[in-house]
């Protein structure tokens with residue numbers, strides 16, 4: 001899924017060039033993202049191994065099928081591989097991987113248990129996938145980076161909104177975390193989530209307004225915007241429904257960006 005996100009970011013950035021002249025760099029970037037995500041998931045299993053002994057005893061480490069040492073070796077190899085491949089792609093890609101590595105380590109060590117800052121970290125990591133794809137192929141073209149930058153920002157705000165609504169839904173069960181709903185209450189946290197969804201809606205109009213993406217993008221992204229508005233209205237009243245609707249809205253928005261980027265690339269080529 002991480003590799004797919006990077007590929008979408010590349011197509012949104014440069015259109016048809018993503019599977020022509022820029023294909024090698026984009027495939028390398030996708031491989032780096034997949035390796036990084038694999039390492040991040042393994043790192044999460046290492047940090048959560050004690051709670052997993054109770055909540056998920058069937059997982060590799062608590063079940064005894066994998067040692068912590070072996071998992072740590074896997075994490076190191078995955079992160080080194082991601083860094084090396086990013087270096088081949090370019091300096092900007094390498095710097096983004098290094099920044100994401102710092103965020104990932106901070107999330108596991110501290111931010112996860114602190115609630116809202118953990119939400120921000122996760123949202124940043126999700127958004128950076130699309131930006132990573134754009135950085136790997138944009139070749140200095142401002143509009144290309146703008147397209148993927150808007151997509152990354154939209155993904156960031158919609159993910160923050162989703163993460164908060166999930167925390168509202170789990171407010172009674174999150175005994176080992178200090179989440180935003182626990183700090184300010186479900187109603188106020190719902191308002192914050194709604195604000196994030198609304199920001200995503202506003203940002204989604206920028207690529208069309210500034211003629212960066214064409215009308216096919218606008219048609220489909222308006223459908224996604226309607227879903228985000230619905231999610232905003234129910235973020236506190238029905239957080240489970242809001243989170244599910246926001247997830248579908250993000251998928252529709254991704255298709256809109258993908259369609260718009262491909263259409264624009266073919267128009268330029270023609």
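Structure data summary
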read-out	value
Global form of segment 74-135, assessed from the alpha-carbon gyration tensor, a/c cut-off 1.5	oblate
Distance histogram in 10 Å bins (all Cα pairs of segment 44-164, percent per bin)	13, 32, 34, 17, 4, 0
Rg [Å, one decimal], Dmax [Å, integer] - segment 94-194, C-alpha atoms	15.5, 49
Evaluated at q = 0.13, 0.22 Å⁻¹: base-10 log I(q)/I(0), Debye formula over Cα of segment 122-172	-0.37, -0.72
Base-10 log of normalised Debye intensity for segment 204-254 (one unit scatterer per alpha-carbon) at q = 0.18, 0.27 Å⁻¹	-0.55, -0.90
Mean Cβ count within 10 Å, highest first, over the residues of peptides 126-133, 145-152	126-133, 145-152
Cβ crowding within 10 Å averaged over residues, with 205-216, 85-96 ranked highest first	85-96, 205-216
Segments 254-260, 181-187 sorted - mean Cβ within 10 Å per residue, highest first	254-260, 181-187
Backbone N within segment 18-39 under 20 Å of label point (7 Å from residue 63 Cα along the Cβ vector)	38-39
Fewest-first ranking of 8, 122, 251, using other Cβ atoms within 10 Å as the exposure measure	251, 122, 8
Computed label-point distance, nm, for sites residue 23 and residue 98 using a 7 Å Cα→Cβ extension	3.2 nm
Matching label, volume of the Cα convex hull per residue in Å³ computed from the structure shown, candidates (1) 138; (2) 115; (3) 199	(2)
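Every read-out reported here was derived from the displayed coordinates using simple, explicitly stated rules and does not represent laboratory data. Note that the structure is predicted; figures quoted are calculated from it, not measured. Neighbour counts are summed over all protein chains in view; Cβ atoms, including those assigned to glycine, are modelled from backbone coordinates with ideal geometry.
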